[in-house]
Amino acid sequence: MTVQFGGLKVLNQLSLEFGDSPISSLIGPNGAGKTTVFNAFSGIVKPSTGRLLFEGRDITGSSPVAIARLGIVRKLQVPTVFPGLSVSDNLKIAAQAPRRSHEASGGGGWKIDDVTDLLHLSAKRGKIAGELSHGERQWLEIGMAFVGRPKVLLLDEPAAGLGPDESEHTARLIKEISHLCPAVVIEHDMNFIRSLGGRVIVLHQGAVLRQGTMEEIESDPVVRDIYLGRHSNA
Ligand SMILES: Nc1ncnc2c1ncn2[C@@H]1O[C@H](COP(=O)(O)OP(=O)(O)OP(=O)(O)O)[C@@H](O)[C@H]1O
Ligand SMILES: [Mg+2]
C-alpha cells in the first residue's frame, strides 16, 4: 500500500505480511513510517492505493471499530489507562470495549484474574491506576489490549521510558502473550528487540528495507548505515 499526506509518501508501495511468527518487530529510524503502518492496519489512516488483507479478507477502508471487532487490537504509543480506576476496573472496561473479538473468537475475553496474573499485577488488582509506576501502567495497558482476546496485538513502543528491569519484564510479558496471540511490536531499543526474538522488519522511508532474524539484521551493512544516518536520503 501507499499512504500519502499531501505530497509526502509516508508508506511507499509497502508490501508486508505478518503471521509466520508469533512475534514480529518493526524497526527503523524516526519518521520511517512505523506508526503509520499501525494507523493503516487499524483503519485510522486510509491507503491512497493498495490493499489491507486480514485472514484473506479485504478490509481496506473498514472503520477502526470494524477492524477492532475482527480482532486487530492496538496499544498506543502513549499510555491511556483510566487513572482514577483500579487495575481490575480498567481491565473490565477494556473487556467491554467494541474491540472485543466476540464475533471473531466465538467467546468472551480472557478472565480478569488470569490477565492480572499474566501481567504480574495480581497483588495490585485493587490499586488505582494513577498510582502505578510507569512500567506497571504500560503492563496494564498491554493487558487492556489483550483482555478482549484479540487475534493480533499491535504494540507501539511498549518499552519507551522504561528502565532495564521493567523493559526486561515487558519483553517477557509480550513473549508469554504471543503464545496466545501473535504480536507486532514497534521499538527503537535493540536490546528489547533482541530479547523478544522473532522476525525483524526494517522499515526505511515507508518501505521494507530488510527482514530477517535480529542476527541477520544487525550484521547487515546497509541497515547499519541507515542507523548511522549516512543513507538518510538514499
Ligand atoms: N496524519 C499525518 N499527516 C501528515 N504527515 C504525517 C501524518 N502522520 C505521519 N506523518 C508523517 O509521516 C512520517 C512517518 O511518521 P510515523 O509516525 O509513521 O513515523 P515512525 O516511524 O513511527 O517514527 P517514530 O520512530 O518517530 O515514532 C513522518 O514524516 C510524519 O511527520
Ligand atoms: Mg512512531
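Read-outs: derived from the displayed coordinates by stated rules, not from any lab. Note that the structure is a prediction, hence the values are computed from the model and not measured. Cβ placement follows ideal geometry from the backbone for every residue including glycine, while neighbour counts extend to all protein chains displayed.
Loop-located trypsin sites (Lys or Arg not before Pro) in the stretch 130-234 (DSSP state other than H, G, I, E, B) with a sparse environment of at most 14 neighbouring Cβ atoms within 10 Å: Arg230. Note on the chain: Kirkwood hydrodynamic radius from all Cα pairs is 18.3 Å, rounded to one decimal.
At 37 °C and 0.692 mPa s, grab the translational diffusion coefficient of the stretch 22-68 from Stokes-Einstein with a Kirkwood Rh over Cα pairs, rounded to a whole number in µm² per second.
Rounded to a whole number, D works out at 281 µm²/s.
Based on Cα contacts under 8 Å between residues 6+ apart, the chain shows a relative contact order of 27 percent.
Taking each residue as 0.36 nm, the span from Ile44 to Asn191 lengthens on full extension beyond its C-alpha to C-alpha distance by 49.9 nm. Backbone phi angles across the stretch 202-210, fed through the Karplus curve with coefficients 6.51, -1.76 and 1.60 (θ = phi - 60°), yield HN-Hα couplings of 9, 9, 9, 6, x, 9, 6, 8, 8 Hz in residue order; Gly and Pro are listed as x. FRET efficiency for the His134 to Asp225 pair, using the beta carbon distance and R₀ = 30 Å, is estimated at 0.35.
The residues packed around Leu209, meaning those with a beta-carbon under 11 Å from its beta-carbon, carry a net charge of -1 if Lys and Arg are +1 and Asp and Glu are -1.
3J(HN,Hα) couplings calculated from phi for the stretch 157-162 with the Karplus curve 6.51 cos²θ - 1.76 cosθ + 1.60 (θ = phi - 60°) are, in sequence order, 6, x, 9, 4, x, 8 Hz; Gly and Pro show x. Taking amide H atoms as placed 1.01 Å from N in the peptide plane, the amide H of Leu203 lies under 5 Å from those of Ile27, Gly28, Leu209, each 5 or more residues away in sequence or on another chain. Take the residue pairs Lys75/Lys127; Lys46/Lys175; Lys34/Lys151 and return only those whose Cα atoms are more than 24 Å apart. Violating the 24 Å Cα-Cα cut-off are Lys46/Lys175. Computing FRET efficiency as 1/(1 + (r/R0)^6) for Gln211 and Ser86, where r is the C-beta to C-beta distance and R0 is 30 Å, gives about 0.15.
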